[in-house]
Amino acid sequence: MTFEHIPVLLNEVLEGLNIRPDGIYADGTLGGGGHSFEIASRLTGGGRLIGIDRDENAVRAAGSRLACFGDRVTIVRGNYLNTAQILRDIGVDAIDGMLLDLGVSSHQFDDAERGFSYRNDAPLDMRMDRRDSISAYTVVNEYSEKELLRIIRDYGEERFASSIAAGIVRERQKKPVETTFELSDIIKASIPARFREGKGHPAKKTFQAIRIEVNSELDILKDSLDSLVDMLKPGGRLCIITFQSLEDRIVKNYFRTAESPCICPSDFPVCVCGRKSKGRVITRKAVTASAEELEHNNRAHSAKLRVFEKISVPEYK
């Protein structure tokens with residue numbers, strides 16, 4: 001199956017990165033290489049792009065797509081959580097910009113055997129990196145009812161989380177839940193009939209929750225942000241595209257704290273905590289897709305871009 005990738009918010013990302021032709025940039029979620037191709041196209045005279053992805057199919061497809069750039073592009077299979085180590089391993093100390101395009105790629109959704117979608121019948125998997133030991137099958141069949149409730153409620157923001165968790169446990173006592181359609185049927189049966197019709201598929205939120213758990217998506221994002229900003233050169237920018245509210249909240253709150261880290265009580269006349277700003281938020285409001293882009297790329301509907309710039313002016317005591 002061809003690994004297609006229509007880059008979301010492409011022009012906005014290119015503007016947000018403020019690309020210098022001789023700069024060094026990283027794409028921590030390479031996917032099909034759509035964003036990376038356009039970034040690399042703007043690099044000359046010593047400019048370099050490092051592409052990182054957990055998915056071996058993405059690495060293979062992007063490698064082919066970006067081969068025309070030669071040694072201007074380096075592709076690594078890995079997790080963006082480990083970007084600092086990945087950069088050190090290839091002799092890079094700091095970068096001028098970093099992009100994260102979070103969530104699941106169109107290819108991963110469309111490739112039925114990966115088990116990401118409730119629209120295709122497939123074995124429960126949902127692993128972005130197939131080397132990982134925990135799959136959707138593990139979560140659905142081995143997690144306790146209490147753990148399932150927490151995941152579906154917190155990561156899926158599903159109002160019927162309790163009923164769905166109980167339904168999964170009840171059905172797996174008869175036989176293991178093995179496929180996406182089996183799980184989808186359990187979810188549908190656990191939601192009152194009058195609530196099944198409406199915005200989106202009834203299994204959408206639960207599938208999202210399980211996928212987030214399988215791939216530790218929110219934990220990796222939270223644990224990465226400090227190091228990603230730290231590895232930027234002064235004036236370098238971190239651009240992050242999110243597709244759901246939990247991710248966007250993490251990014252928004254971190255950027256705000258990185259810009260204004262003071263934890264002194266509001267009634268203190270001056271700051272005494274000594275915490276220093278890491279830079280400034282470029283996007284006061286999240287950037288969303290234009291009407292023109294929405295006509296051509298349905299995936300852009302929920303996309304939000306936020307940009308942070310590392311402090312570029314030295315601080316003097």
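What to note about this one:
- Normalised size of the range 14-159, defined as Cα radius of gyration per 2.2 N^0.38 Å with N residues, equals 1.22.
- Choice from ARG249, ARG194, ARG159 showing the highest fluctuation, given a GNM over the chain with Cα pairs closer than 10 Å: ARG194
- HIS201 long-range amide H proximity, modeled H, under 5 Å: none
- The range 268-317 and the range 239-263 have Cα centres lying 8 Å from one another.
- The P(r) of the chain has a tail past 23 Å containing 60 percent of all C-alpha pairs.
- Taken about its Cα centre, the chain carries a charge dipole of roughly 740 debye when the Cβ of each Lys and Arg holds +1 and the Cβ of each Asp and Glu holds -1.
- Measure of compaction for the range 12-60 (Cα Rg per 2.2 N^0.38 Å): 1.12
- Contact order normalised by residue count of the chain, Cα under 8 Å, 6+ apart, percent: 18
- Between amide H atoms placed 1.01 Å from N, distances below 5 Å from ILE50 occur with TYR25, ALA26, ASP27, THR74, all of them 5 or more places distant or on a separate chain.
- Applied to the range 47-61, the Karplus parametrisation 6.51 cos²θ - 1.76 cosθ + 1.60 on θ = phi - 60° returns per-residue 3J(HN,Hα) values of x, 8, 10, 10, x, 10, 7, 7, 8, 4, 5, 5, 4, 5, 5 Hz, with x for Gly and Pro.
- 3J(HN,Hα) from dihedral phi, the range 151-167, Karplus parametrisation 6.51/-1.76/1.60, rounded to Hz, x for glycine, proline: 5, 5, 6, 7, 8, x, 6, 9, 5, 9, 4, 4, 5, 5, 4, 5, x
- Alpha-carbon centroids, the range 96-113 and the range 1-65: separation in whole Å: 12
- Residue-by-residue Karplus 3J(HN,Hα) for the range 95-105, coefficients 6.51, -1.76, 1.60, Hz, glycine and proline x: 10, 8, x, 9, 10, 10, 10, 6, x, 9, 6
All of the numbers you see were taken from the coordinates with simple rules; none came from a lab. Predicted model only: the values in this text are computed from it and were never measured. Positions of Cβ are backbone-derived with ideal geometry, glycine not excepted, and every protein chain shown enters the neighbour counts.
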